[in-house]
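The values are calculated or read from the model by the stated rules, or taken from the named source; none is laboratory data. Treat the numbers as computed from the prediction; the structure is a model and nothing was measured. Positions of Cβ are backbone-derived with ideal geometry, glycine not excepted, and every protein chain shown enters the neighbour counts. Only protein heavy atoms, including side chains, enter the accessible area calculation; ligands, DNA and RNA are left aside. Shrake-Rupley method; radii C 1.70, N 1.55, O 1.52, S 1.80 Å.
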Amino acid sequence: MAVSRRARGAILLAAALGAGLLSSCVGPAGSPDSSVEGSWGNTEDSSMPSLVFESAGRFSGTDGCNTLMGRWDQEGSSVELTDVTSTLVGCIGVDTWLSDAAAAEVDGETLALFNNDGDPIGTLQR
């Protein structure tokens, strides 16, 4: 079947636009919403656990009492947290689970966090 020059141009344009739209929806790790970059948890309330992952490979946050920061590296949906430092305030009645985070897994709008032993310790929502 012969395709006219005009139809061929329209098909190529549609394919290029479609590819551009798809690539703008895909995070650096290769699937939609798989990048850890951005805010997780309630960043408006410092008494609630939250993390912010910056594009430069650094993160910061709070466990609801102590502040923490460090570096992150992502491969696929898995995130490794390194050089983690935290303040050591004694926080009565606050669960400081987030300061034990050593790794994370991005699953859409949920960030699952794990300790050094690979045990799940909690989740944060985007």
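Numbers at a glance
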read-out	value
Members of the range 36-69 that are part of a loop (DSSP other than H, G, I, E, B), open to solvent by less than 50 Å² (accessible area, probe 1.4 Å) and among the hydrophobic types (A, V, I, L, M, F, W, C)	Val36, Cys65
Residue match in the range 96-111 (condition: part of a strand (DSSP E or B), modelled with pLDDT of 95 or more and more than 15 Å from the chain's Cα centre (by Cα))	no
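Let's see how each residue does on (1) without any contact (Cβ under 8 Å) to a residue 12 or more places away in the chain; (2) hydroxyl-bearing (Ser, Thr, Tyr); (3) open to solvent by 50 Å² or more (accessible area, probe 1.4 Å):
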{"site": "Val79", "(1), (2), (3)": "no, no, no"}
{"site": "Asp83", "(1), (2), (3)": "no, no, yes"}
{"site": "Cys91", "(1), (2), (3)": "no, no, no"}
{"site": "Asp95", "(1), (2), (3)": "no, no, yes"}
{"site": "Ser99", "(1), (2), (3)": "no, yes, no"}
{"site": "Val106", "(1), (2), (3)": "no, no, no"}
{"site": "Thr110", "(1), (2), (3)": "no, yes, no"}
{"site": "Asn115", "(1), (2), (3)": "no, no, no"}
{"site": "Pro120", "(1), (2), (3)": "yes, no, yes"}
